[in-house]
Ligand code: NAD
């Protein structure tokens, strides 16, 4: 019996090989985790008629925690993405995506910011329809309770992580009601956190500032659509998709997963970089209060990356997914 029970969702495409590499590293940290393997994704449609079988839902409900590899989204009608379904079923309203420089991936700036994206409302509420043959309409839904809870999440998170500044990203100068409500809720919540600097920035200006001076940003809180776009921009600014981790957090359940997809063209080749899912695993360890193990893995990963001998193709190396993970495990032993 492990100290923690976590639902393991290896996912599809390159997901399973990445997941096993990540598990190798996390298990080597000494944190006792009992992994409960469950299925999710396209293969489940044939077997169970759904992307997200009941058995998987029950496991996540029991364990309250899951680590997920990427899944493949079916193109065309019929089924939603597994991720969208997970967000809905567990009300995973906060999407947390840190963007931190990786010393081995040389960039002209040093960046260490966190995007906190509202995950359930905005244009992603999936209220779309044809008004006529020539006019399509998508409703942007922003609610006061939804905006209050994401703002409160962002400030609580900032306080816990010792962050100094939280900025609300919006377009309230044009969308006065929807984004105006989001901004007003942010300002209301900010009053409860006087030690944290609160500010706001219009989304287009924010995009420009992020590219020019990314080191000036700390914590950003964004409605769904801006959060989706800007967090990918930040992933590119920091170290690329192979390194972008994430977490989806709800009132009772937290699911940790990388920003990238299943990269199906590399499936089964032991080729891709597992760092983003490993980074998500490190976030999960921090969520559990296992700071020592989180730090140990992070340090070993960066040491292996800086040495450059056992790194994957996207970092300019020839090591496979497994060899890179094994090198991190070996490094952890020397750093103990
Ligand atoms: P992708 O992120 O899977 O891959 C795009 C490219 O990025 C790859 O071809 C590869 O060159 C590179 N890349 C991605 N991950 C990498 C890694 N770990 N190491 C090294 N290089 C990496 O995006 P896509 O091709 O647009 O999507 C493939 C499938 O994944 C689609 O079905 C999409 O819907 C799905 N998807 C899933 C998630 C998720 O499960 N969280 C997220 C995004 C996309």
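So that you can scan it fast, the table gives a plain yes or no per residue for (1) in contact with a strand residue (DSSP E or B) (Cβ under 9 Å, 6 or more places away or on another chain); (2) assigned to a loop (DSSP other than H, G, I, E, B); (3) surrounded by fewer than 13 Cβ atoms within 10 Å (Cβ to Cβ):
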position: 183; (1), (2), (3): yes, no, no
position: 192; (1), (2), (3): no, yes, yes
position: 205; (1), (2), (3): no, no, yes
position: 208; (1), (2), (3): no, no, yes
position: 221; (1), (2), (3): yes, no, no
position: 225; (1), (2), (3): yes, no, no
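Within the bounds of region 31-41, is there any residue that is at pLDDT 95 or above, within 22 Å of residue 141 (Cβ to Cβ) and away from the ligand (no atom under 16 Å from the Cβ)?
no
Determine if region 32-43 includes at least one residue that is in the same structural domain as residue 87 (by TED's automatic domain parsing), surrounded by 22 or more Cβ atoms within 10 Å (Cβ to Cβ), under 24 Å from residue 271 (Cα atoms) and touching a strand residue (DSSP E or B) at 6+ places or on another chain (Cβ under 7 Å).
Looking through region 32-43, at least one residue is in the same structural domain as residue 87 (by TED's automatic domain parsing), surrounded by 22 or more Cβ atoms within 10 Å (Cβ to Cβ), under 24 Å from residue 271 (Cα atoms) and touching a strand residue (DSSP E or B) at 6+ places or on another chain (Cβ under 7 Å).
Which fully enclosed strands (runs of 3 or more DSSP E) of region 88-140 have 2 or more residues being surrounded by fewer than 15 Cβ atoms within 10 Å (Cβ to Cβ) and in the same structural domain as residue 232 (by TED's automatic domain parsing)?
128-132, 135-138
Looking only at region 148-161, decide whether some residue is assigned to a loop (DSSP other than H, G, I, E, B) and assigned by TED's automatic domain parsing to the domain that holds residue 255.
The answer is no, given that none of the residues of region 148-161 is assigned to a loop (DSSP other than H, G, I, E, B) and assigned by TED's automatic domain parsing to the domain that holds residue 255.
Quick check: anything in region 263-272 more than 16 Å from the ligand (Cβ to nearest atom), outside the structural domain of residue 145 (by TED's automatic domain parsing) and either modelled with pLDDT of 95 or more or touching a helix residue (DSSP H, G or I) at 6+ places or on another chain (Cβ under 8 Å) (or both)?
No, that holds for no residue.
Suppose we keep only residues that are crowded, with 18+ Cβ neighbours inside 10 Å and within 16 Å of the ligand (Cβ to nearest atom) within region 290-316. Which one would you say is modelled with the lowest pLDDT?
Selected residue: 315.
Given the criterion more than 21 Å from the chain's Cα centre (by Cα), within 21 Å of residue 288 (Cα to Cα), touching a residue at least 40 places away in the same chain (Cβ under 8 Å) and away from the ligand (no atom under 13 Å from the Cβ), identify the matching residue among 94, 28, 104.
Criteria check complete, one pass: 28.
Quick one: residue 58 ticks every box in (1) touching a residue at least 12 places away in the same chain (Cβ under 8 Å); (2) over 26 Å from residue 127 (Cα atoms) except a single one, so which number is it?
So the condition that residue 58 fails would be (1).
Could you check how many residues of region 201-228 are modelled with pLDDT of 95 or more and within 27 Å of residue 126 (Cβ to Cβ)?
13
The values are calculated or read from the model by the stated rules, or taken from the named source; none is laboratory data. It should be emphasised that the depicted structure is a prediction, and the values quoted were computed from it without experimental measurement. Using ideal geometry, Cβ is built from the backbone for each residue, glycine included, and neighbour counts are taken over all protein chains shown.
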